[in-house]
Amino acid sequence: DQVVKPVVSVYPAASRAHLEGKSSLLCLASAMFPPLVQFSWKRRKENGPLEDLPPAEGEQLKFKELGCTAAIRVIDQDALHTYKYSCYVQHEGGTVEAQTEQG
């Protein structure tokens, strides 16, 4: 079987965290083969250096029926306006990156 790199997208996700001054980002990896992926996150301020974020106090969810895997990252709402967040998905076929639009 052929190795197919994932298609990666980042979406703002609504959650209860919203009420506590937090936001959630959802990183979705889909259409890949084999379906094993690992997520990591980085962020950067405008014209600033890229910062590695520690492994998420978030969750990784597998949607077998949909053939995709998602990671959720909870961040401070203020940070969403200051930083651009990037989700990196490591896969057998290589690493794919997707980023949020700056708030």
Report summary line: Leu36: passes all of (1) assigned to a strand (DSSP E or B); (2) touching a residue at least 40 places away in the same chain (Cβ under 8 Å) but (1)
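If you go through the stretch 1-33 one residue at a time, how many are modelled with pLDDT of 90 or more, open to solvent by 30 Å² or more (accessible area, probe 1.4 Å) and not in a strand (DSSP E or B)?
Taking the stretch 1-33 and keeping what is modelled with pLDDT of 90 or more, we get 2-11, 25-33.
From what's left, open to solvent by 30 Å² or more (accessible area, probe 1.4 Å): 2-5, 7, 9, 11, 26, 28, 30-31, 33.
Then keep just the ones that are not in a strand (DSSP E or B); that gives 2-3, 5, 31.
So the answer is 4.
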Query raised in the report: Do we have any residue at all in the stretch 49-61 that's over 21 Å from Thr95 (Cβ atoms), modelled with pLDDT under 95 and of a type outside the set (D, E, K, R)?
Result: no
Report task. Inspect the stretch 59-68 for any residue being open to solvent by 40 Å² or more (accessible area, probe 1.4 Å), free of Cβ contacts under 8 Å to residues at least 12 places away in the same chain, at positive phi and not in a strand (DSSP E or B) and give the result as yes or no. Result -> no
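Is at least one residue of the stretch 76-96 touching a helix residue (DSSP H, G or I) at 6+ places or on another chain (Cβ under 6 Å) and surrounded by 11 or more Cβ atoms within 10 Å (Cβ to Cβ)? So that I can check it myself, show each step before the final result.
Of the residues in the stretch 76-96, the ones touching a helix residue (DSSP H, G or I) at 6+ places or on another chain (Cβ under 6 Å) are none.
So far as the stretch 76-96 goes, no, none of its residues is touching a helix residue (DSSP H, G or I) at 6+ places or on another chain (Cβ under 6 Å) and surrounded by 11 or more Cβ atoms within 10 Å (Cβ to Cβ).
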Query - Checklist (1) at pLDDT 90 or above; (2) within 16 Å of the chain's Cα centre (by Cα) applied to Glu101, failing item - result: (1)
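The values are calculated or read from the model by the stated rules, or taken from the named source; none is laboratory data. Everything quoted here is computed from the prediction, not taken from an experiment. Heads up, the Cβs are rebuilt from the backbone with ideal geometry, glycines too, and the neighbour counts pull from every protein chain shown. The area values use the complete protein model at the heavy-atom level, side chains included, leaving out ligands, DNA and RNA. Shrake-Rupley method; radii C 1.70, N 1.55, O 1.52, S 1.80 Å.
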